[in-house]
Amino acid sequence: ALLRGNVLHVSSQPIVNMADGRIVSREMLSRGPVGALQRPDNLFRFCQENDILPAVDLRCLKMCAAAARAMGPRTSYHVNIMPTTLLQTATAELIRVLLDEQDGADGHCCLEISEQQLLGDPAVLVPRVRALQEAGIRIAIDDVGFGNSCLEGLIMLHPQVMKVDKRLVRGLAVDPELRRTLERLLRVADVLGAEVVAEGIENTEDYHVLLEMGVRFGQGYLFGRP
């Protein structure tokens, strides 16, 4: 059913310019069937245990891209991909799925690779990532801040976008250590020339601290639920 049925669904969550609240993009999110597999972490763990993860992940990618295009021409959106799916899928196929045949990608699609899933040598992803970037598809590293290979992956993959893990955002207003850690990441982003998106923003206190630190873009329940 996950591979061929209609049990998968797509939601979206806004990514906003925090200075004025304007929606600048949307993250397209996959959801499983009602029940235990509705949560993405449960869904993808189940797929991994049953050796169907890349196939289901690619199906989710295609559904998310189609749902974003249905929102209107030149809609800006983010969509997730597993590193294993990126390696096992022909780059030409990914470009075909993500590239708008009429308008071209032109930066409208941002492909998110989870930093926490960068196991092993990130160098194996570099040729695929470069080919996608050259085609006009932006690359983001997701969940930045809590993985072992964070700095190495960022330097080698050189993404256009860094998405800060929600665990570095929640409680930012009351935790000086979180602020110091985020300041270091912001310096890395500045060196790479990467745009920063803070995830998991749920209250105005953390939001105001992020603004003061110079973070331009944000995502979280404060701006809208999926």
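The values are calculated or read from the model by the stated rules, or taken from the named source; none is laboratory data. This is a predicted model, so every value here is computed, not measured. As a convention, Cβ positions derive from the backbone with ideal geometry for all residues, glycine included, and neighbour counts pool all protein chains shown. With ligands, DNA and RNA removed, areas are computed over all heavy atoms of the protein, side chains included. Shrake-Rupley method; radii C 1.70, N 1.55, O 1.52, S 1.80 Å.
Worth a mention:
- For region 1-34, filtering for residues that are in a strand (DSSP E or B) and open to solvent by 30 Å² or more (accessible area, probe 1.4 Å) leaves 8.
- Number of positions in region 180-194 that are surrounded by 18 or more Cβ atoms within 10 Å (Cβ to Cβ) and farther than 15 Å from residue 151 by Cβ: 0
- For first residues located in region 70-96 and of a type in the set (D, E, K, R), partners that are outside any helix (DSSP H, G or I) and lie 6+ apart or on another chain with Cβ distances below 7 Å form the pairs 74/103; 74/108.
- Answer residue from region 156-193, given it is part of a loop (DSSP other than H, G, I, E, B) and among the charged types (D, E, K, R) and is farthest from residue 220 (Cα to Cα) among those: 175
- Only a single criterion out of (1) part of a strand (DSSP E or B); (2) in contact with a Lys or Arg (Cβ under 7 Å, 6 or more places away or on another chain); (3) not β-branched (Val, Ile, Thr) is not satisfied by residue 86, namely (1).
- Cross-chain or 6+ apart pairs with Cβ under 6 Å, region 195-213 first and closer than 15 Å to residue 162 by Cα, then open to solvent by 60 Å² or more (accessible area, probe 1.4 Å) and outside any helix (DSSP H, G or I): 200/170
So that you can scan it fast, the table gives a plain yes or no per residue for (1) in contact with an Asp or Glu (Cβ under 6 Å, 6 or more places away or on another chain); (2) modelled with pLDDT of 95 or more; (3) not small (Gly, Ala, Ser):
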site	(1), (2), (3)
130	no, yes, yes
144	yes, no, yes
181	no, no, yes
205	no, yes, yes
